[in-house]
Structure formats: structure tokens, C-alpha cells
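See structure below.
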Ligand SMILES: Cc1cc2nc3c(=O)[nH]c(=O)nc-3n(C[C@H](O)[C@H](O)[C@H](O)COP(=O)(O)OP(=O)(O)OC[C@H]3O[C@@H](n4cnc5c(N)ncnc54)[C@H](O)[C@@H]3O)c2cc1C
């Protein structure tokens, strides 16, 4: 039997039908479009069965599938190794064209290269698009063509370019929906994919309380940030819509979205940062890497309330307020002299918004090893941070109910740890 000629749109970090460039382009194809998602075993096999991020992906796909069902179509969901899945798809369909949005992580770049090779031998035409960011790869560079490694000049150039485009184009896909392949593919349950429902949930984002964002965003007890991060991570919302909104309403908020792109381009240009110090002259630091201290940090039992509240918030909800992330990260690297890679890996396991570029970028910032990082001699005092940003102790009491009953012994004395950190960094930085 002759195979059906189709185009395929491959969903990855862009789990929405609205304002999705790759999908918009796919739906202009002369062939009906199969919307595909692959649960990649190369990623899933290393995760616990209860992983709130997998549950969120499943929930987001289910929403897309319901929208597609209304127009007589459905998502094709596959589970397996991506290359194997594509080999299987090639035998089932005559795949004329494949569309996807680019992903800039080293693992994804390698995966996509392998898939593209396979598709090329199959004579499928491949189209890939920029969707996850406003500016990608080499679009924002210095006059000499080299990447920026300092945020402020990067941001200035970003804004200069953005102001020429403003507002950035948003893609209206709904008028093209009749070009989806008519189908009734079975939609698997979370259990069929090998996972269970999680007690931790991704919160919806909000743009309603950004009025005083610049004044309130540093105070963890004030719920004044957007909670956009997991939505941007999985693409359940479009960055173009968010940036257009931010440009109209709040410059500080726009700056945060630019930080996200800054770290994405750092990862793209310097993929070594995933495991190695951006500044290699910091390679000589003698970390203590004490396992007992690390356990106390992970479980939120360091005796420093700001640190412990943050770690408990992370463990219970998969989220931690940005100010507190900075405090706990600095504490791990400087007070405990544990290398940033340990903390980065723990965050990667727990954060709902875990994103390789932002996580590595911010951890290296806190450790002092990154580009445009906090200087090594700046050691946050967790108690001063508490007084400044949670003066009434509202945040810490929320996460440490036993706080008023007399709180535990600090794992290290602050003054000793500060001096030790400065001396260790100084001795370890290669001249
Ligand atoms: C040690 C450490 C690790 C981090 N790991 C991650 C991570 O894995 N994933 C992640 O998305 N963010 C990470 N961040 C950045 C930041 O903490 C979160 O993006 C933010 O707290 C998410 O909450 P929000 O969406 O309410 O933020 P808002 O304050 O509402 O900010 C809006 C958006 O701007 C972006 N943004 C804000 N701050 C930063 C930043 N410093 N770097 C990059 N993007 C930023 C995010 O996309 C965020 O959703 C980390 C920060 C630190 C200090």
C-alpha cells in the first residue's frame, strides 16, 4: 500500500499551538501536517517516576490534543529513542517535510544533527526556526563579531536591535488549522509513559502584579514575580508575546527576560560551561566538597534560616524565589566551599523551571567562576540578606515551622567561613 505523503511538525520546547513559528510554517505546507511529540527515553530513563516536569509536559500535550480533537486531528505521541522513533515513522509515512523549532543545548544540537542526517537520506526536506528567543546564536555580537560575555553591553545591543523591530511579530496559526492531518491517534496516559501523577504542580503564570516589580521582586514573602520560568522552559507561552508585553509595561521585567537570552547565547558560544568554569583561571580552587555539609544544605538544615527556607521551598514545591536562589548558591560555594557543579545538579533534579543555560549561568555567577560573575571576595551574609529581604521573617516561618521554637546550630560560623572562602579563592585563582 502506498504510504501517505505528509509533513511533520515536531514539538519539543514549544508546547503550544498559538504563536509558534515552526508550526505556522509547517501549516503552510502543501501536505497535511502530523503534529508529533516524542518522549525521549534518553532523557526519561534517568528521571524518577514521580517527576512533576514530565507530568507538566503530559498535561500541556493533553491540552494541545484536545484543541486538535476539535478540528478532527490529534497529536502523535511516541516514546523511545528519538532516532529509533524517526526510523519507525519513515516506514509508516512518506515524510516529505519536517519542521521544528531550534534548541540550543549541546545534547539537543547533537540529537538534531543525527535526526537530520537520517531524514536527509530519506529525502525529507528539513526546516528549522528560531522560536525560543528573540535573538539567537550570532545575532547579538560585538562589533568584531565575537560574543558578548558581559551582560550590560549585551543588553544594550539587544535593546537597540529590538527597538528597530518592536513589537516583534506574533504568528497567527488558527486560520491554518485545516491543514492538520486528520487523525485519531491514541493519547497515552502518564502511567503508560511510565510516570505517576505528581503532588508538585507548575503554577500558572501571572502578569497582573508587575506594577511594582522593580521594588518588590527581591522580597520572597511578597508574591510579586511572574512564575513564567517553567512556561518559558517548555514553551507553553510564547517569548514574543511576553517580550512585547514587557516592552510596553516594565523595563526591569524586560531586563530579566534579556538575562535569559544572555545565558542562552553564552551556552551556545561556550558549551564547555555545562561542566567547566567559564573562567579557567578559577580551576585551581581547592573545594572542600564535604558530603555531610552537602546533605545538610540539600535538606535545608544548615542552621541559616534564609538558606534552609529556600532549600525547603525547593524540595516541597520545585520552585525557589530568585533572591533566595542567589543566597543558597553563594552559601554552598563560598561558606561550604562545595563546587558549583554539585549545587547545579541538585537544582537540575528539583527545579520545575530547570533550564541548562540559566542554571549553569546563574550557578557560575554565584560561584564567581562565570562570565560577568559576582567577584570572589563578595560573600553574602545570609543573616544580613534575611534582615534586608525578609525582615519580619514571614518567608522563613512559612518554610521552617519550628523556627520560633529555637533554631539549630549553624553548620559553619559566618565570619570564619567568609575568611576561609576569600583565602581559598585567592590561593586557587591562577595568575
Ligand atoms: C543559582 C540559580 C539557579 C537558577 N536556575 C534557573 C533555572 O534553572 N531556570 C530558570 O528559568 N531560571 C533560573 N534561575 C533564574 C531565576 O531565579 C528564575 O528564572 C526566576 O526565579 C523564576 O521565577 P519567575 O518566573 O517568577 O521570575 P520573574 O522575576 O518573573 O522573571 C521573569 C523571567 O525572566 C527570566 N529570568 C529572571 N531572572 C533570570 C536570571 N537570573 N537568569 C535567567 N533568566 C532569568 C526567567 O525566564 C523568568 O521566568 C536561577 C537563578 C539562580 C540564582
> Which residues, counting only those in region 15-37, are touching a strand residue (DSSP E or B) at 6+ places or on another chain (Cβ under 9 Å) and under 20 Å from residue 69 (Cβ atoms)?
Replying inline: 15, 17, 20, 23, 26, 27, 32, 33, 34, 35, 36, 37
>> Condition first: crowded, with 19+ Cβ neighbours inside 10 Å and within 8 Å of the ligand (Cβ to nearest atom). Now tell me which residues in region 243-270 satisfy that.
In response: 253, 257, 260, 262, 263
>> For the structure I just gave you, tell me whether residue 247 is outside the structural domain of residue 358 (by TED's automatic domain parsing) and either in contact (Cβ under 8 Å) with a residue 12 or more places away in the chain or more than 30 Å from residue 214 (Cβ to Cβ) (or both).
In response: yes
>> Given the criterion more than 10 Å from the ligand (Cβ to nearest atom) and either at pLDDT 95 or above or under 24 Å from residue 286 (Cβ atoms) (or both), identify the matching residue among 376, 319.
In response: 376
> Is it true that residue 84 is on the phi > 0 side of the Ramachandran plot, modelled with pLDDT of 95 or more and not assigned by TED's automatic domain parsing to the domain that holds residue 137?
Replying inline: no
> How many residues does region 313-347 hold that are under 21 Å from residue 225 (Cα atoms) and either assigned to a helix (DSSP H, G or I) or free of Cβ contacts under 8 Å to residues at least 12 places away in the same chain (or both)?
Replying inline: 14
> Residue check, residue 154 against (1) surrounded by 14 or more Cβ atoms within 10 Å (Cβ to Cβ); (2) assigned by TED's automatic domain parsing to the domain that holds residue 17, all met but one. Which one?
Replying inline: (2)
> Which members of region 271-304 meet the condition of being away from the ligand (no atom under 16 Å from the Cβ), in a loop (DSSP other than H, G, I, E, B) and under 30 Å from residue 146 (Cβ atoms)?
Replying inline: 276, 279, 283, 284, 285
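The values are calculated or read from the model by the stated rules, or taken from the named source; none is laboratory data. This one's a predicted model, so the numbers in the text were calculated from it and none came from an experiment. Cβ atoms come from the backbone with ideal geometry, glycine included; neighbour counts cover every protein chain shown.
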